[in-house]
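First the structure, in the form of structure tokens, and then the observations on it.
The values are calculated or read from the model by the stated rules, or taken from the named source; none is laboratory data. All values derive from a computational prediction rather than experimental measurement. Note that we place each Cβ from the backbone using ideal geometry, even for glycine, and neighbour counts take in every protein chain shown.
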Amino acid sequence: MSEIPRVDPCADLACNAQLQPRAPGSFELLASHGDARSGRLWTAHGPIDTPCFMPVGTYGAVKGLDPDDLRACGSQIILGNSYHLGHRPGAPRVAALGGLHRMMAWDRPILTDSGGFQVFSLRGLQRLDDTGVDYQTHFDGSRHRMTPESVLRTQAALGSDICMILDHCPPGDADPALMRQAVDRSTRWAHRALELRPAILAADQLCFGIVQGGTDLRLRRQHLAELAGLPFEGLALGGLSVGEPIPEMHATLAEIAPEMPAERPRYVMGIGTPYDLLAAVRSGVDMFDCVMPSRHARNGQLFTFAGRLNIRQSRFRDDPEPADPGCACRACRSHSRAYLRHLHEQNDPLYGRLATIHNIYFFHQWVGTLRTALREGRFGEVSALYSDIITEHYLRGPQPSSSRPAGGSEASREPDAAKAAAKASDTGAAS
Ligand SMILES: [Zn+2]
């Protein structure tokens, strides 16, 4: 794959240190090609160049990686999950430790999910009403209530740069009546969040609204119209990748994303495969998150532009090549497939770290390549060059459960509540 142009996702962003900071929430559009676009969103902890992939650190760590590893991978922003952090170690404890940035020693932006999706996935869900939801945690069965106010308070305590409001995310196969109910409820909660926001969030914390409506385009458009007029700094598409057929998800993205307000960042929650990212970028999406690179790494799956390697296979036992000969990540610069396989066999924690570094780097490199192509006016050419490769290797083929995994932000969206609850309980291993 050496003929394929690749960017160094770290060098790509290095010049940002020289930029004159702008007010948090400022979003500059820098380039476009069709619906695809590239921009820069400013936060209290610096800029995010888009399109941008955001690794998931459910509990305040992208599992096994420290901030130096993340920076070396080209991570600009990471995710934390309010449901998990709110219970373990608890938002007041994080606040007492100086906030999530200080606790993790991560000085770049952080986006936090509201935690609503995890709560809606829990088997022990007790009661949903118009003002919030009562639930039992998967940690210890203790009972709590989540409201538009409580999720903002949690995120204020964590010190997130980008806070997500509480929305009602129904399963992908929910009936139309429930879909409509979820949209109406989410709109009411969006208004409530904006009323509460000045009293709860710091002035430099951004707040994003979330558009629901499943794959029903009319409902999506209606909800988008209801939220687009509200003063959120960005809008997200929620309720995708929750068990609906993949072509329907892509069709929804292609229809709805270009209609989202152009002057604000667009975020699609919980996707996706390298192919999903290409489809989302082509549709004009700016931000994405998924636990896929980190979770797949731990399962022995390494992403490359020649397809996914299963490092557990015995054919790698004597293979001196790096995981991906064209990759410049820390793992590939120093280590062979044979060594990675050996570490995996020995259950050595170093395997998880190196494999996660490689996969996160791959995702940043892939999105960075598209971002650079947009900025250099070569998006048509570069995306066409990669399209066959990415389609061949990542559109179809195995979509193991871990490709829609639990725990990252909106990542655990499964159609079946019981399945999702099982995954929610597994989210400690996510990220
Ligand atoms: Zn690598």
Output yes when any residue across region 270-277 is among the aromatic types (Phe, Trp, Tyr) and in contact with a helix residue (DSSP H, G or I) (Cβ under 6 Å, 6 or more places away or on another chain), and no when none is.
yes
Kindly list the number of the only condition in (1) touching a residue at least 12 places away in the same chain (Cβ under 8 Å); (2) farther than 30 Å from ALA95 by Cα that fails for GLY238.
(2)
Heads up, the helices (runs of 4 or more DSSP H) in region 128-229 (entirely inside) with at least 3 residues that are within 30 Å of GLU255 (Cα to Cα) are 176-200, 217-228
Options GLY132, GLY159, GLY172, GLY209: the member that is of a type in the set (Gly, Ala, Ser) and closer than 16 Å to GLY86 by Cα:
GLY159
Would you confirm whether any residue within region 6-27 is under 18 Å from ASP289 (Cα atoms), in contact (Cβ under 8 Å) with a residue 12 or more places away in the chain and of a type in the set (Lys, Arg)?
no
Among ALA355, ALA323, ALA328, which is in a loop (DSSP other than H, G, I, E, B) and either buried (at least 24 other Cβ atoms within 10 Å of the Cβ) or within 21 Å of the chain's Cα centre (by Cα) (or both)?
ALA323
Determine the pairs where a residue that is at pLDDT 95 or above, located within region 299-325, has a partner that is near the ligand (Cβ under 9 Å from one of its atoms) and among the small types (Gly, Ala, Ser) with Cβ atoms under 6 Å apart, the partner being 6 or more residues away or on another chain.
LEU302/ALA323
Taking region 331-352 and the residues there that are away from the ligand (no atom under 11 Å from the Cβ) and assigned to a loop (DSSP other than H, G, I, E, B), the one that is surrounded by the most Cβ atoms within 10 Å (Cβ to Cβ) would be SER336
Would you check if ARG295 is assigned to a helix (DSSP H, G or I), of a type outside the set (Asp, Glu) and either in contact with a Phe, Trp or Tyr (Cβ under 7 Å, 6 or more places away or on another chain) or more than 16 Å from SER38 (Cα to Cα) (or both)?
yes
List every residue pair whose Cβ atoms sit under 8 Å apart, with the two residues 6 or more apart in sequence or on different chains, where the first one lies in region 337-360 and is within 20 Å of SER75 (Cβ to Cβ) and the second, anywhere, is away from the ligand (no atom under 11 Å from the Cβ) and among the basic types (Lys, Arg).
GLY352/LYS63; GLY352/ARG298; ALA355/ARG298; THR356/LYS63; THR356/ARG298
Which members of region 234-251 meet the condition of being touching a Gly at 6+ places or on another chain (Cβ under 6 Å) and not β-branched (Val, Ile, Thr)?
LEU235, GLY239, SER241, GLY243, GLU244
Please find, within region 48-68, the residue that is farthest from ARG371 (Cα to Cα) out of those that are surrounded by fewer than 24 Cβ atoms within 10 Å (Cβ to Cβ) and out of contact with any Ser or Thr (no Cβ under 8 Å at 6 or more places or on another chain).
GLY60
Can you list the strands (runs of 3 or more DSSP E) found entirely within region 11-96 that contain at least 1 residues being among the β-branched types (Val, Ile, Thr)?
36-43, 46-50, 78-81
